[in-house]
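S.K.: Before anything else, here's the structure in question.
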Amino acid sequence: MSNTDQTTCAGTFYDAGGTANYALSESFEMTFTPSTAGQMLRFIFTTFDTESITYDFLKIYDGPSTASPLLGTWGGTTGPGTITATNPTGQLTFVWQSDASVADIGWIASISCVAPPTQYPLVTGSTVTTCSGVFSDPQGSTTNYIDNNGTRTMTFCSGTAQSLQFLFTVFETNEAADNLKIYDGPNTASPLLGTYSQTTGPGTVVSSGTCLTFVWTTDNNNASTPGWAANISCVAPPPANNECANAVLLPVNPSGSCTNSVSGTVFQSTQSAQASACGAIPNDDVWYSFVAQSTIHVVSLTNIAGSTIDMYFAVYSGTCASLTELLCSDNNSGTLTGLTIGQTYYVRVYTWTATTGQTSTFDICTYPIMPATNDECATAIPVTVNPDLNCGSTTSGTVAGATASANTNSCFGTDDDDVWFSFVATETSHEIDLLNVAGSTTDMNFAVYSGTCASLTNILCSDGNSNTVNGLTIGQTYYIRVYTWTSTTGQTSTFDLCIGTVPHTTYSGTCTGKFQDNGGNSDYAANSNYVVTYCATPAGYLMEMDFTAFETESIDDLIIYDGPNTSSPIIGTYSGTTSPGTVTSTGSCLTFAFTSDGTIQEAGWSANIACIAPPPGTNMGNNGTVTTCSGYFYDSGAGLGSYANNENYTMTYCSANAGEQMIVDFTTFSTATGDILTIYDGPNTSSPVMGTYSGTTSPGVVASSNGCLTFVFTSTSSGVSTGWSAEVSCAPPTPCDASEPFCTGTTYNYPAAVGVPDMGSVGCLLTTPNPAWYYLQIANDGDLSIFIQSDYDVDFICWGPFTSLTAACASDLMSNSGISCSYSINATETAVIPNALVGEIYVLLITNFKDLPTNIEFSQTGGTGTTDCSIVAPPISNNGPLCVGQTLNLTVANPVSGATYAWTGPHSFSSTAMNPSHTNIQTVDAGVYSLVITVGGVASAPVTTTVVVNPNPTITATASPVAICNGASSSLTGGSSVAGATYAWNPGGLTGSPVSVSPIATTTYTVTGTAAGCTGTATVLVTVHPIPTANAETNLTYCAGAAAPANGLTGTPAGVTFNWTNSNTAIGLAASGTGVASIPGFTATNATTAPITSTITVTPVANGCLGTPITYTITVNPTPIVTAEAAQTYCAGAAVPINTLAGTPAGVTFAWTNSNTAIGLGASGTGNIPAFTATNATTAAISGTVTITPS
């Protein structure tokens, strides 16, 4: 293979490497020409092996260039086989391309020349039996077809058991009316494979049987194009399931397995008629079907081999005549959900590549997945707890068919397919493992909760398949929520769930020696998970561990608890080289929980064990006052023994630091029946009682509100106990001390702070930006669910229970993990307080993570517990904003039974009414009004409402112009002494300023201005003048030279004047006049020989308003002239002819008189002088004078 063309009919054709491998990154094009004219080149490939067709490939064209028809593209181990030219030149062109990665052996092909194939131009009515040759339009493969009107039919059969294959190398018809129909059988009653015209050719056509029938139609429009040419061959028949109607029924395997598969191939398959919206082109599709046995089925392709292993499949519902696409899968396995049990579904399998002639084989199977029955917490499957970590008992599970539960999830991942399990704790620490995870994804999550399904508290989130949950209560039920990490629905993952018990060893009285990890002097063991407790002796002594060495992997944790088990308070979690140092219990025991993974093991730790006496302090037997900020406070036994019978002691502790709280932290507490410790919040027993304690009900952390605490202890004569130990300290007030009280019967909504510094990590909260502090007190026992929502990410932590807010704030909340906590990315959260008891105090910290302006709202939405609303003054409100002079009403939203009320406000306002009023409010009365309620001697924290009092605005109104003509408009403008006013105008109902008005009569407008909810008014008068009118005038006519009198004009209203114009001053009248009552008189003129006319336009004017003009005309006629006549003489008896007169202007008429009728002419007449007979009765000449007057 090279870029050099060859002319030959013999030899061997190799890749560029010859008998060795071809090279990387080759690119060649080579054309072979037969050395014997008229012969066809033939290449028989006996060896073919390249890298996958995706990377290295050989293309072969039937002709002298790459513009010739492409016979195919080959790569991998699928070779061309035998290739024979069919074009008139007998040439073949080869294009070879290799990439830069893998080089293989290439190919070997023998070269020969053969006679041209038999030509089979379409001959109507004929049937040909053959497995070779070239099929063409009636005019042959080398010339254009003749566009004769008509239809021709021709049938081909293989004559063997093989199918016919027609490979169309040329196809082009002139128009759609010139088309070729192909039928899959021996006649036109066989199935129609397609109708082809213009440049849309058939490509490769393979018969399902042994015959194909062709029908050629033309329309005789005397235009033609090349027609077609197709190579004929016989091939193995297509698979029996080449069409949907012949789909192979798949057996349905048992749930979760694929033991029974059906083998298939796409070899010789052709594209079905059914449409496809999936990827790739199904030009070699085969069909299967199955009957659903579950609403969820998995379809899998396995053992794929052949020319390509890149397969595709689609699944449909319906019938072959009407299919609905359900799944498109480029993966070799896909999951269908929402199926109908008992319904038949169809599977269409094909290769991804558009290259025809693929030979891929595969196995196909389907199996159902039975939907999970534990889709909700209420249907959680109980799991047996193993007594050790060996997982002898497991419970199988799957997320298939599961949907999202209503329970809030604050853990990571997407719980849209969660399933539920439960277990009863047998120890304070249990290990939870997801084993044998398989299916659509193995990336699983699980969360662990305490409480009930109606009120769950998250205690563990795990993205790993193994984790340990500590701090459990033995005998209590816990819930496990398992789901996949991905948000892609339809997952089918399966798993086995194991609950193991973490080994717990307790050493009592071991007060010397070394405490080491389980490796001793060597590295600790992989996958460790155990708990060890050390307890000091004698009674009252403390347990101390002094760590002299410490090193673990960063993810291998040692957790230390201040007590006998993992339910005790956490002292700290340690890993890496961060050593615990010296750790001392506050009671008699320390508990250690260690877990390691299976990757890296380190040296672990070594600690010196000691039991130490309690530190010295003040005991209850020392009546009096102690001013300090450190030390210990004991009963009279001084922490080493029991107190005595019949004691009655009083002791006061006050802070040595001015302004700081006194804090006493009881680490142990035990009194006999009837022996009582009473604590007062102040310097003596007149101070408020904080609580009374006996038995094992410890005061916990007690903090003063004023710097001192007073303790009174009384014991009976019937028995004694070990008393108590407490640590004394002082601390300044914290943000917690400013916590606002709330009761959960009310929805709270507050604007979240922004820009408030982060307090650092607290519990599960990695950050605490913009903190808001609240506390509540329990009124009735039970669980509480508090729903929190915002526009953005909101987080929370809840602590408790405490005996008081001061005790809570003094308890180092910032290092306490709380009872409920969430650091999720959600805009909604639910805080859960489980098993709350009457009188307990809980503190709630809410943060605005996004640091964006928003409101945060929270309220109780679940649980049977209730809170004490007497610690909270009920919500108050006012009827503001108000305007000066109005009445202020202050309102309590939820009155508290038995409460007294104390209101205070600006300008020395005070009231004891529940809902007071303040009449004639003024701006000095604006500000914050506060309410404190007192119930049973306990005063609430104050609540406030802000009253806004706005001044009444002074409003002005102006009009421009103030007077208008009827139909015109005026602009009205409002003004206000208070900025931001809005305006409303009446009549008219207009708003804004300025506004435009067009009244038809004089109108007074009133404007109401509103600023900050307060109003004022003003008026403005707009005068409207009527439109004047002029009465009609008659047209006038004058003769030139006549004196035209003045023409008086009339109209309305009274006092109207007129402006006039004259269109033709040649009549003797001026061009115009203004403000007059008449048209002036004038002398009519006409310098022409014809009449002239002028139009007079008169416009009435009154109050500056112009009326509608009227018009009339003045016509001035010219002076008539008669043409002079000559004297005439006639003899008596002569006939005198008519004398036609002439003159100007045209149309002039004449009147005439005769001074002597004796001449034979009448005395007068009009018009021309008539003819007459001249007379003279005398003997002398006579004459008559004829006078002619024109008019």
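S.K.: Quick check on the range 55-67: of everything there that is in contact (Cβ under 8 Å) with a residue 40 or more places away in the chain and assigned to a loop (DSSP other than H, G, I, E, B), which residue is farthest from Thr7 (Cα to Cα)? Explain how you work it out, then say what you get.
M.R.: Step one: of the range 55-67, the residues in contact (Cβ under 8 Å) with a residue 40 or more places away in the chain are 55-58, 62.
Checking which are assigned to a loop (DSSP other than H, G, I, E, B) leaves us with 55-56, 62.
On the way: Tyr55: 30, Asp56: 26, Asp62: 15 Å.
Result: Tyr55.
S.K.: I'd like to know if the range 683-699 contains one or more residues that are in the same structural domain as Gly631 (by TED's automatic domain parsing), modelled with pLDDT of 90 or more and hydrophobic (A, V, I, L, M, F, W, C).
M.R.: Of the residues in the range 683-699, the ones in the same structural domain as Gly631 (by TED's automatic domain parsing) are 683-699.
From the residues that got through so far, the ones that are modelled with pLDDT of 90 or more too are 683-684, 693-695.
Then drop every residue that is not hydrophobic (A, V, I, L, M, F, W, C), which leaves none.
No: the range 683-699 contains no residue that is in the same structural domain as Gly631 (by TED's automatic domain parsing), modelled with pLDDT of 90 or more and hydrophobic (A, V, I, L, M, F, W, C).
S.K.: Right, something else. When Ala957 is evaluated against the numbered criteria (1) in a strand (DSSP E or B); (2) on the phi > 0 side of the Ramachandran plot, which criterion, by number, is the only one it fails?
M.R.: Evaluating Ala957 over (1) in a strand (DSSP E or B); (2) on the phi > 0 side of the Ramachandran plot leaves (2) as the failure.
S.K.: Something else: Of everything in the range 1067-1086, what is of a type in the set (Gly, Ala, Ser) and either touching a residue at least 40 places away in the same chain (Cβ under 8 Å) or assigned by TED's automatic domain parsing to the domain that holds Val1148 (or both)? Give them in sequence order. Walk me through it before giving the result.
M.R.: Taking the range 1067-1086 and keeping what is of a type in the set (Gly, Ala, Ser), we get 1068, 1070-1073, 1075, 1077-1078, 1081, 1084.
Once the filter is applied, which keeps residues that are of a type in the set (Gly, Ala, Ser) and either touching a residue at least 40 places away in the same chain (Cβ under 8 Å) or assigned by TED's automatic domain parsing to the domain that holds Val1148 (or both), the range 1067-1086 yields Gly1068, Ala1084.
S.K.: Of everything in the range 307-346, what is more than 36 Å from the chain's Cα centre (by Cα) and either buried (at least 16 other Cβ atoms within 10 Å of the Cβ) or without any contact (Cβ under 8 Å) to a residue 40 or more places away in the chain (or both)? Give them in sequence order. Steps first, please.
M.R.: We begin by selecting, within the range 307-346, every residue more than 36 Å from the chain's Cα centre (by Cα); these are 307-309, 319-321, 342-344.
Scanning the range 307-346 gives Ser307, Thr308, Ile309, Thr319, Cys320, Ala321.
S.K.: Assuming Gly1041 fulfils every condition listed in (1) over 30 Å from Pro951 (Cα atoms); (2) out of contact with any Gly (no Cβ under 7 Å at 6 or more places or on another chain); (3) part of a strand (DSSP E or B) apart from one, which condition is it?
M.R.: (3)
S.K.: Which condition number in (1) closer than 20 Å to Val170 by Cβ; (2) surrounded by fewer than 14 Cβ atoms within 10 Å (Cβ to Cβ); (3) free of Cβ contacts under 8 Å to residues at least 60 places away in the same chain is the one that Gly38 fails?
M.R.: It is condition (3) that Gly38 fails.
S.K.: Among the numbered criteria (1) of a type in the set (A, V, I, L, M); (2) modelled with pLDDT of 90 or more; (3) part of a loop (DSSP other than H, G, I, E, B); (4) surrounded by 23 or more Cβ atoms within 10 Å (Cβ to Cβ), which single criterion is violated by Val349?
M.R.: Val349 satisfies all of (1) of a type in the set (A, V, I, L, M); (2) modelled with pLDDT of 90 or more; (3) part of a loop (DSSP other than H, G, I, E, B); (4) surrounded by 23 or more Cβ atoms within 10 Å (Cβ to Cβ) except (3).
S.K.: Mind checking which pairs have a first residue in the range 446-472 that is closer than 24 Å to Asp496 by Cβ and a second that is assigned to a strand (DSSP E or B) and among the acidic types (Asp, Glu), Cβ under 6 Å, 6 or more apart or different chains?
M.R.: Going by the 6 Å Cβ cut-off, the qualifying pairs are Ser466/Asp433; Thr468/Glu431.
S.K.: Then there's this: Could you please give the count of residues in the range 553-572 that are of a type in the set (Val, Ile, Thr) and in contact with a Pro (Cβ under 8 Å, 6 or more places away or on another chain)? Full working, then the answer.
M.R.: First pass over the range 553-572, keeping only residues of a type in the set (Val, Ile, Thr): 555, 559-560, 566, 570-571.
So of that shortlist, the ones also in contact with a Pro (Cβ under 8 Å, 6 or more places away or on another chain) come out as 560, 571.
Residues meeting the conditions: 2.
Residue by residue, here is whether (1) surrounded by fewer than 17 Cβ atoms within 10 Å (Cβ to Cβ); (2) farther than 30 Å from Gly334 by Cβ holds:
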site: Thr494; (1), (2): no, no
site: Thr505; (1), (2): yes, yes
site: Ser508; (1), (2): yes, yes
site: Asn518; (1), (2): yes, yes
site: Cys535; (1), (2): no, yes
site: Phe547; (1), (2): no, yes
site: Asp556; (1), (2): no, yes
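S.K.: I want to confirm something. Restricting to the range 107-134 and keeping residues that are part of a strand (DSSP E or B) and in contact with a Leu (Cβ under 9 Å, 6 or more places away or on another chain), which single residue is surrounded by the most Cβ atoms within 10 Å (Cβ to Cβ)? Walk me through how you get there before you give the answer.
M.R.: Applying the first criterion (part of a strand (DSSP E or B)) to the range 107-134 yields 107-114, 119-121, 126-129, 134.
When the remaining residues are screened for being in contact with a Leu (Cβ under 9 Å, 6 or more places away or on another chain), the result is 107, 111-114.
Values: Trp107: 23, Ile111: 18, Ser112: 16, Cys113: 20, Val114: 15.
If we take residues in the range 107-134 being part of a strand (DSSP E or B) and in contact with a Leu (Cβ under 9 Å, 6 or more places away or on another chain), then Trp107 is surrounded by the most Cβ atoms within 10 Å (Cβ to Cβ).
S.K.: Let me ask something additional. Hey, does the range 378-385 have a residue that's farther than 24 Å from Gln491 by Cα, in contact with a strand residue (DSSP E or B) (Cβ under 6 Å, 6 or more places away or on another chain) and touching a residue at least 60 places away in the same chain (Cβ under 8 Å)? Don't jump to the end; show me each part of the working.
M.R.: At the first step, the residues of the range 378-385 found to be farther than 24 Å from Gln491 by Cα are 384-385.
Narrowing the set further to residues that are in contact with a strand residue (DSSP E or B) (Cβ under 6 Å, 6 or more places away or on another chain) leaves 385.
Filter again for touching a residue at least 60 places away in the same chain (Cβ under 8 Å), leaving 385.
Within the range 378-385, one or more residues are farther than 24 Å from Gln491 by Cα, in contact with a strand residue (DSSP E or B) (Cβ under 6 Å, 6 or more places away or on another chain) and touching a residue at least 60 places away in the same chain (Cβ under 8 Å).
S.K.: Give the range 564-593 a look and list any residue that's in a strand (DSSP E or B), within 16 Å of Glu427 (Cα to Cα) and among the small types (Gly, Ala, Ser), or say none. Break it down stepwise before answering.
M.R.: The first filter runs over the range 564-593 and keeps only residues in a strand (DSSP E or B), leaving 570-574, 582-584, 589-593.
Then drop every residue that is not within 16 Å of Glu427 (Cα to Cα), which leaves 591-593.
Ala593 - this is the single residue of the range 564-593 that is in a strand (DSSP E or B), within 16 Å of Glu427 (Cα to Cα) and among the small types (Gly, Ala, Ser).
S.K.: Just for strands (runs of 3 or more DSSP E) wholly inside the range 804-909: which have at least 1 residues that are surrounded by fewer than 19 Cβ atoms within 10 Å (Cβ to Cβ) and touching a residue at least 12 places away in the same chain (Cβ under 8 Å)?
M.R.: Values: elements: 820-822, 828-836, 841-848, 855-862, 876-878, 888-892, 900-905.
Passing ranges, in order: 828-836, 855-862, 876-878, 888-892, 900-905.
S.K.: For the range 244-261, state whether one or more residues are of a type in the set (Val, Ile, Thr) and surrounded by fewer than 16 Cβ atoms within 10 Å (Cβ to Cβ). Give the derivation first.
M.R.: Step one: list which residues in the range 244-261 are of a type in the set (Val, Ile, Thr), which gives 248, 252, 259.
From what is left, the residues that are surrounded by fewer than 16 Cβ atoms within 10 Å (Cβ to Cβ) are 259.
The answer is yes; a qualifying residue exists.
S.K.: Sticking with this structure for a sec: Can you find even one residue in the range 82-94 that is over 56 Å from the mean Cα position of the chain (by Cα) and without any contact (Cβ under 8 Å) to a residue 24 or more places away in the chain?
M.R.: Within the range 82-94, the first condition is being over 56 Å from the mean Cα position of the chain (by Cα), and the residues that meet it are 82-92.
Those still in the list that are without any contact (Cβ under 8 Å) to a residue 24 or more places away in the chain too: none.
Among the residues of the range 82-94, not one is over 56 Å from the mean Cα position of the chain (by Cα) and without any contact (Cβ under 8 Å) to a residue 24 or more places away in the chain, which makes the answer no.
S.K.: Being among the β-branched types (Val, Ile, Thr) and touching a helix residue (DSSP H, G or I) at 6+ places or on another chain (Cβ under 7 Å) is true for just one of Ile846, Ile833, Ile876, Ile841. Which residue is that? Show your work before the answer.
M.R.: Values: Ile846 fails: touching a helix residue (DSSP H, G or I) at 6+ places or on another chain (Cβ under 7 Å); Ile833 fails: touching a helix residue (DSSP H, G or I) at 6+ places or on another chain (Cβ under 7 Å); Ile876 fails: touching a helix residue (DSSP H, G or I) at 6+ places or on another chain (Cβ under 7 Å).
Residue meeting the stated conditions: Ile841.
S.K.: Now for a different question. Of everything in the range 762-796, what is of a type in the set (Ser, Thr, Tyr), surrounded by 18 or more Cβ atoms within 10 Å (Cβ to Cβ) and under 28 Å from the mean Cα position of the chain (by Cα)? Give them in sequence order.
M.R.: Filtering the range 762-796 down to residues of a type in the set (Ser, Thr, Tyr) leaves 767-768, 774-775, 785, 790, 792.
Applying the additional criterion that residues be surrounded by 18 or more Cβ atoms within 10 Å (Cβ to Cβ) yields 768, 774-775, 785, 790.
Listed by number, the residues that qualify are Thr768, Ser790.
S.K.: Do you know which residues across the range 102-148 are among the charged types (D, E, K, R) and under 29 Å from Thr210 (Cβ atoms)? Give the steps one after another, and end with the answer.
M.R.: Going residue by residue through the range 102-148, those that are among the charged types (D, E, K, R) are 104, 137, 147.
Matches in the range 102-148: Asp137 only.
S.K.: Further question: Just wondering, is there one or more residues in the range 1068-1084 that are within 30 Å of Gly1167 (Cα to Cα) and surrounded by fewer than 12 Cβ atoms within 10 Å (Cβ to Cβ)?
M.R.: Checking the range 1068-1084: not a single residue is within 30 Å of Gly1167 (Cα to Cα) and surrounded by fewer than 12 Cβ atoms within 10 Å (Cβ to Cβ).
S.K.: Does Thr169 fit the bill of being at pLDDT below 90, assigned to a strand (DSSP E or B), buried (at least 20 other Cβ atoms within 10 Å of the Cβ) and in contact with a strand residue (DSSP E or B) (Cβ under 8 Å, 6 or more places away or on another chain)? First the steps, then the outcome.
M.R.: Details: at pLDDT below 90: yes; assigned to a strand (DSSP E or B): yes; buried (at least 20 other Cβ atoms within 10 Å of the Cβ): yes; in contact with a strand residue (DSSP E or B) (Cβ under 8 Å, 6 or more places away or on another chain): yes.
Yes: the conditions hold for Thr169.
S.K.: Looking only at residues in the range 1017-1044 that are of a type in the set (A, V, I, L, M, F, W, C) and surrounded by fewer than 14 Cβ atoms within 10 Å (Cβ to Cβ), which one is nearest to Leu1069 (Cα to Cα)?
M.R.: Going through the range 1017-1044, the residues of a type in the set (A, V, I, L, M, F, W, C) turn out to be 1018, 1020-1022, 1024, 1027, 1030, 1032, 1036, 1039-1040, 1042-1044.
Now narrow it down to the ones that are surrounded by fewer than 14 Cβ atoms within 10 Å (Cβ to Cβ): 1021, 1032, 1043.
Values: Leu1021: 44, Ala1032: 20, Ala1043: 11 Å.
Filtering first and then ranking leaves Ala1043.
S.K.: For a quick check of your reading of the model, give me the residue pairs whose first member lies in the range 703-727 and is free of Cβ contacts under 8 Å to residues at least 24 places away in the same chain and surrounded by fewer than 18 Cβ atoms within 10 Å (Cβ to Cβ), whose second is assigned to a loop (DSSP other than H, G, I, E, B) and not acidic (Asp, Glu), with beta-carbon atoms closer than 9 Å and at least 6 apart or on different chains.
M.R.: Close Cβ pairs (under 9 Å, with a partner that is assigned to a loop (DSSP other than H, G, I, E, B) and not acidic (Asp, Glu)) do not exist here.
S.K.: Let me ask you something else. Scan the strands (runs of 3 or more DSSP E) fully inside the range 739-792 and keep the ones with 2 or more residues being among the hydroxyl-bearing types (Ser, Thr, Tyr), in the same structural domain as Ala808 (by TED's automatic domain parsing) and touching a strand residue (DSSP E or B) at 6+ places or on another chain (Cβ under 9 Å). Outline the logic, then answer.
M.R.: Numbers: elements: 748-751, 771-780, 782-789.
Qualifying strands (runs of 3 or more DSSP E): 748-751, 771-780.
S.K.: Please verify whether the range 958-971 includes one or more residues that are farther than 30 Å from Thr1029 by Cα and either at pLDDT 90 or above or in the same structural domain as Thr1019 (by TED's automatic domain parsing) (or both). Before you say what the answer is, go through the steps one by one.
M.R.: Narrowing the range 958-971 to residues farther than 30 Å from Thr1029 by Cα: 958.
Then keep just the ones that are either at pLDDT 90 or above or in the same structural domain as Thr1019 (by TED's automatic domain parsing) (or both); that gives 958.
There is at least one residue in the range 958-971 that is farther than 30 Å from Thr1029 by Cα and either at pLDDT 90 or above or in the same structural domain as Thr1019 (by TED's automatic domain parsing) (or both).
S.K.: While we're here: Take the conditions under 30 Å from Thr1178 (Cβ atoms), in contact (Cβ under 8 Å) with a residue 12 or more places away in the chain and not acidic (Asp, Glu) and apply them to Asn1139. Does it pass?
M.R.: Against the criterion (under 30 Å from Thr1178 (Cβ atoms), in contact (Cβ under 8 Å) with a residue 12 or more places away in the chain and not acidic (Asp, Glu)), Asn1139 qualifies.
The values are calculated or read from the model by the stated rules, or taken from the named source; none is laboratory data. Everything quoted here is computed from the prediction, not taken from an experiment. Glycine also receives a Cβ, built like all others from the backbone with ideal geometry; neighbour counts cover every protein chain displayed.
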